[in-house]
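Let me begin by presenting the structure, written as structure tokens, before commenting on it.
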Amino acid sequence: QVQLVESGGGLVQPGGSLRLSCAASGRIASIYLWGWYRQAPGKQRELVATAARAGNTNYADSVKGRFTISRDNTENTMYLQMNSLKPEDTAVYYCNAQAVASRYWGQGTQVTVFS
């Protein structure tokens, strides 16, 4: 089992920045892909960014150039640095970890970008 706990969400004005954190515990060595997803009201959950254990990253087109995913292996923590935030970035953001036979989710953290 892997446990994931997100933090760092909040209210921010357009153009502002936030950094989300995801603290992981448990069988972390089994995880081969880490990621951030988000779900806005009335919409399906969508991929934001992923980071493979090998180091390569992937981003949704809507966040490229504004968001950065990273991991601190010594602290077993994953981050999502979000810059130049837009109202359409408003959503609940979820941390995700994938093992060969399992997929794990955090409880989510709310990000609200308002004028």
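Mind listing the phi-derived Karplus ³J(HN,Hα) values for the stretch 11-16, rounded to whole Hz, using 6.51, -1.76 and 1.60 with θ = phi - 60°, and x for any glycine or proline?
Those phi angles translate into 9, 8, 7, x, x, x Hz.
In the Gaussian network model of the chain, springs joining C-alpha atoms below 10 Å, which of LYS64, LYS43, LYS86 carries the largest mean-square fluctuation?
It is LYS43.
On the protein heavy atoms, probe 1.4 angstrom, tell me the percent of accessible surface of the stretch 1-91 carried by carbon and sulfur. Provide the component values of the computation, followed by the final result.
On the way: 2300 of 4930 Å².
That fraction is 47 percent.
For the stretch 68-107, just say rounded, prolate or oblate: build the C-alpha gyration tensor, square-root its eigenvalues into a ≥ b ≥ c, call rounded for a/c under 1.5, and beyond that prolate if a/b exceeds b/c, oblate if not.
On the way: a/c = 3.02, a/b = 1.48, b/c = 2.03.
Oblate.
Rg and Dmax of the stretch 6-53, Cα atoms, in Å?
Computed over the Cα atoms of the stretch 6-53, radius of gyration and Dmax are 13.4, 38 Å.
Might you tell me the accessible area per residue for the chain, computed with a 1.4 Å probe and given in Å²? Spell out each step's value before the answer.
Details: 6090 Å² over 115 residues.
Dividing the accessible area of the chain by its residue count gives 53 Å².
How large is the dipole of the chain about the Cα centre if only Lys and Arg carry +1 and Asp and Glu carry -1, each at its Cβ, rounded to the nearest 20 debye? Can you show the working numbers first?
On the way: 11 positive and 7 negative charges, 34 e Å.
Magnitude of the dipole: close to 160 debye.
Using +1 at the C-beta of Lys and Arg and -1 at the C-beta of Asp and Glu, which of ALA54, GLN3, ALA40 has the Cα lying farthest in the positive direction of the dipole of the stretch 1-77?
So the residue furthest toward the plus end is ALA40.
The values are calculated or read from the model by the stated rules, or taken from the named source; none is laboratory data. Treat the numbers as computed from the prediction; the structure is a model and nothing was measured. A quick note on method: Cβ atoms are made from the backbone with ideal geometry, for glycine too, and the neighbour counts reach across all protein chains shown. Accessible surface is based on the protein model in full, side chains and every heavy atom, while ligands, DNA and RNA are left aside. Shrake-Rupley method; radii C 1.70, N 1.55, O 1.52, S 1.80 Å.
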